[in-house]
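Q: Starting off with a structure, shown below.
The values are calculated or read from the model by the stated rules, or taken from the named source; none is laboratory data. Computed from a predicted structure; not experimentally measured. We place every Cβ from the backbone using ideal geometry, glycine too, and count neighbours over all the protein chains shown. Heavy atoms of the whole protein, side chains included, go into the accessibility calculation; ligands, DNA and RNA do not. Shrake-Rupley method; radii C 1.70, N 1.55, O 1.52, S 1.80 Å.
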Amino acid sequence: MQLRNFIEELTWRGMIHDVMPETEEHLMEQMRSAYIGFDPTADSLHIGNLVPIMLLAFYQRCGHKPVALVGGATGMIGDPSGKSNERNLLDEATLRHNQECVRKQLSQFLDFNSGAQNEAVMVNNYDWMKEFSFLDFIRDIGKHLTVNYMMAKDSVKSRLTGDNIEGMSFTEFTYQLVQGYDFLHLYKNQNCTLQMGGSDQWGNITTGTELIRRIGGGKGYALTCPLITKSDGSKFGKSEGGNVWLDAKRTSPYKFYQYWLNTSDDDAEKYIKIFTFLDKNTIEALIAEHKEAPHLRLLQKRLAQEVTITVHSEAEFEKATKASDILFGKSTSEDLKTLDEQTFLDVFDGVPQAEISMNELKNGLNIIGALAEKTGFLKSNGEARRALKENSISLNKEKISEGHLLTASDLINDKFILLQRGRKNYFVLKVL
């Protein structure tokens with residue numbers, strides 16, 4: 001594969017915060033290996049991890065070899081960068097399980113299996129740290145860096161001078177040494193000359209380059225990208241329910257799609273460069289088209305499409321858009337019945353609900369009772385009759401009249417009935 005200019009690619013995408021001098025020249029000489037570390041303390045990555053994932057993906061597409069490091073050893077310690085507390089420490093079996101889950105998610109972005117010279121590899125620092133005794137580590141590695149050097153790092157200073165009364169433990173203080181050793185190990189064993197990460201990782205990465213210089217007698221390079229923020233000041237990657245995960249079981253593809261669809265114009269313009277593989281000309285044309293008619297939200301729709309297909313699949317993207325149309329566009333009872341239970345609940349999240357028993361549907365439940373007495377959706381039988389006469393009541397998206405009886409044939413997923421008054425007032429009947 002012909003090399004492409006990785007630094008140039010990241011620059012127009014707005015993905016460089018700091019880069020060590022001569023990195024660009026180093027990468028243009030020949031195929032190089034670079035690594036990024038991933039925290040294995042959960043069995044799924046979330047969209048906060050997408051920036052480092054995309055860094056590796058662009059790196060591979062530029063002809064270089066990405067190394068994804070799962071921090072089994074560092075996950076047992078906890079990285080102080082940007083955090084105010086120590087993290088929970090995990091056992092080895094859990095870490096191995098999480099590693100496999102992370103690999104599966106990364107394979108949506110990286111080629112691990114083609115046999116190409118620059119195919120990605122995954123490593124776990126627990127594999128080389130578990131046999132390292134404490135005495136060996138402080139003798140062979142620790143002696144090369146002074147406490148003054150380690151204390152000067154921003155990640156350490158912020159913990160020692162901030163509001164956190166407890167400061168930081170010795171375990172966390174040694175984190176940068178362990179991460180620095182990872183870089184040295186990969187430099188020696190994988191010919192890895194570049195480490196990348198978020199801007200909060202600069203101190204840890206340069207500790208690694210220092211160990212490569214002092215112990216390995218070579219030169220390591222460092223590159224960081226900006227920490228992603230939202231234009232309104234709220235945290236990127238968080239929804240009302242917490243993290244937006246890459247695992248469909250934790251965050252459904254519908255909710256995932258909606259997260260990207262709901263981004264602001266400013267954010268969409270920034271995100272489409274970072275989180276999609278679209279080229280510069282395509283993105284610039286999209287931005288120009290969007291500015292002509294912002295109300296059409298073309299940028300948000302394309303962003304949501306690209307990221308959902310990459311993380312989940314084309315089929316899941318189609319299901320997510322169909323689910324969106326059910327809530328906001330024209331759809332039929334048949335469309336509703338194609339939704340799986342989780343997507344149905346996500347689409348109508350926050351809509352008032354009431355429960356009735358299946359027995360009440362056996363002989364047919366009068367629609368007036370369903371609208372008023374059984375559910376409280378409408379205040380009285382009289383209001384229900386008036387609404388039906390006005391033709392403003394829908395059952396599963398289809399208009400109904402006063403004489404309608406609800407039966408089991410009206411059920412969505414054998415469990416739900418959707419009542420609607422007008423365009424925006426919904427009510428979900430859950431049948432037990």
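Q: Could you run through the range 357-383 and say how many residues are surrounded by fewer than 17 Cβ atoms within 10 Å (Cβ to Cβ) and of a type in the set (A, V, I, L, M)?
A: 1
Q: Scan the range 140-170 for residues that are open to solvent by 100 Å² or more (accessible area, probe 1.4 Å) and either touching a strand residue (DSSP E or B) at 6+ places or on another chain (Cβ under 7 Å) or part of a loop (DSSP other than H, G, I, E, B) (or both) and jot them down. First the steps, then the outcome.
A: Kept after step one, since they are open to solvent by 100 Å² or more (accessible area, probe 1.4 Å), are these residues of the range 140-170: 143, 148, 154, 161, 163, 165-166, 170.
Hits for the range 140-170 are ASP163, ILE165, GLU166.
Q: Could you please find all residues in the range 179-192 being over 28 Å from THR229 (Cα atoms), open to solvent by 10 Å² or more (accessible area, probe 1.4 Å) and of a type outside the set (Phe, Trp, Tyr)?
A: Across the range 179-192, the qualifying residues are HIS185, LYS188, ASN189, GLN190, ASN191.
Q: If you don't mind, there's one more thing I want to ask. Go over the candidates ARG423, ARG386 one by one and state the one that is within 23 Å of THR338 (Cβ to Cβ) and exposed (fewer than 15 other Cβ atoms within 10 Å of the Cβ).
A: Values: ARG386 fails: within 23 Å of THR338 (Cβ to Cβ).
From the options ARG423, ARG386, the qualifying one is ARG423.
Q: Being assigned to a helix (DSSP H, G or I) and either touching a residue at least 40 places away in the same chain (Cβ under 8 Å) or buried (at least 18 other Cβ atoms within 10 Å of the Cβ) (or both) is the filter here, so list the residues in the range 118-139 that pass it.
A: TYR126, ASP127, TRP128, MET129, PHE137
Okay, residues lined up against (1) over 18 Å from LEU227 (Cβ atoms); (2) modelled with pLDDT of 90 or more:
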site	(1), (2)
LEU27	yes, yes
HIS46	no, yes
GLN60	yes, yes
LEU89	yes, no
GLU92	yes, no
ARG96	yes, no
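Q: Could you say which residue among PRO66, PRO52 is modelled with pLDDT of 95 or more, within 19 Å of the chain's Cα centre (by Cα) and outside any loop (DSSP other than H, G, I, E, B)?
A: Values: PRO66 fails: within 19 Å of the chain's Cα centre (by Cα).
Just one listed residue meets the conditions, PRO52.
Results for (1) more than 30 Å from SER44 (Cα to Cα); (2) under 21 Å from the mean Cα position of the chain (by Cα); (3) assigned to a helix (DSSP H, G or I), shown as yes or no for each residue.
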site: GLN305; (1), (2), (3): no, yes, yes
site: PHE317; (1), (2), (3): no, yes, yes
site: LYS322; (1), (2), (3): no, no, yes
site: ASP335; (1), (2), (3): yes, no, yes
site: PHE344; (1), (2), (3): no, no, yes
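Q: Of these, LEU432, LEU418, which one is touching a residue at least 60 places away in the same chain (Cβ under 8 Å), open to solvent by 20 Å² or more (accessible area, probe 1.4 Å) and either under 36 Å from the mean Cα position of the chain (by Cα) or closer than 19 Å to ASP325 by Cα (or both)? Write out each step before concluding.
A: Values: LEU418 fails: open to solvent by 20 Å² or more (accessible area, probe 1.4 Å).
The unique qualifying residue is LEU432.
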